[in-house]
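Report on one structure; see the data block that follows.
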């Protein structure tokens, strides 16, 4: 009698599968972007031109695609370009969005974690419910809420609190409101996953030692939820830096972020090399600090172990 034996997937398969995913869907597109960023398109339409001169055996790399990002034209100074302004503006709005999501999401995550186990699934469903609706529909809904003839202005006018509509749409406030609303679940979920595993008897012990509730929260809960805070902050900050849809629909003309600049360079100006260079720099601004942070936090964890 012949028996068939099945081997469980080995460690190499389990580790190799996500690495293959990253290579195909992250590393390969990034290498294509990096390649295009050094291409000299000239008057051609296609950005996929060779950068290797087969006759001379020399790489024909156009560094001007990167240099023009940092140098203003017509004799302008260094680091005084619209691209640098867009980078700084994007980082600032992403930081503001991440901080707002943290201030709003932390109490909500803490409330879910402290709720009865029978209620938590319903509360988590409320957090994930917006994902069941189209991203564009949710952003357009805020246009209807914040417009001059929108819900908020109509209610304020009906109550007699204002005499004329308040300008809320196409401002910094409307853009931050939209970005905070969209990315709030990305802050709540990792915070909840971290807080729900916390031993709340530590808070009771702190109360028994005479600590005030706020001091116990600051000295016990916040340090123990540091991993969730960092994870949520990164999950909100990283996509917010390159956000394109929300600034276009809710932001004003002065709130041009780097995502919109990359779009204009690629599809309006048809300058794919410069758009690719902008994207490569943006990825570097995000990935390099993350790698440094996780390197030092990993070393610190090993030292404590």
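Which one of 66, 207, 110 has the biggest mean-square fluctuation once the chain is modelled by GNM with Cα springs under 10 Å?
Answer for the Gaussian network model of the chain: 207.
Among 238, 288, 15, determine the one that fluctuates most according to a GNM of the chain built with springs between C-alpha atoms less than 10 Å apart.
15
Could you state the orientation-averaged shadow area of the convex hull built on the Cα atoms of the chain, in nm² to one decimal?
Mean shadow area of the hull around the Cα atoms is 30.4 nm².
Stokes-Einstein diffusion coefficient for segment 18-169 at 37 °C in a medium of 0.692 mPa s, Rh from the Kirkwood formula over Cα pairs: what value in µm²/s?
D, rounded to a whole number, is 150 µm²/s.
Specify whether the C-alpha gyration tensor of segment 206-305 places it in the rounded, prolate or oblate class, a ≥ b ≥ c being the square roots of the eigenvalues: rounded for a/c under 1.5, otherwise prolate if a/b is larger than b/c and oblate if not.
oblate
Between rounded, prolate and oblate, where does segment 95-140 land on the alpha carbon gyration tensor, with a ≥ b ≥ c its root eigenvalues, rounded for a/c under 1.5, else prolate if a/b exceeds b/c?
Taking the square roots of the gyration eigenvalues as a ≥ b ≥ c, segment 95-140 is oblate.
Just subtract the alpha-carbon distance of residue 120 and residue 136 from 0.36 nm times their residue separation and send over the number in nm, one decimal.
2.9 nm
Using Cβ counts within 10 Å as a stand-in for footprinting exposure, how do 226, 62, 143 rank, fewest first?
226, 143, 62
Identify which of 261, 151, 99 has the largest mean-square fluctuation in a Gaussian network model of the chain, with springs joining Cα atoms closer than 10 Å.
Sorting by GNM fluctuation, first place goes to 151.
Pairs of Cα atoms under 8 Å, at least six residues apart: use those to get the relative contact order of segment 98-304, whole percent.
23 percent
Each reported figure results from applying straightforward, stated rules to the coordinates on display, with no laboratory input. Bear in mind that the values here come from a model prediction, so they are computed numbers and not experimental data. Cβ: placed from backbone, ideal geometry, glycine included. Neighbour counts: every protein chain shown.
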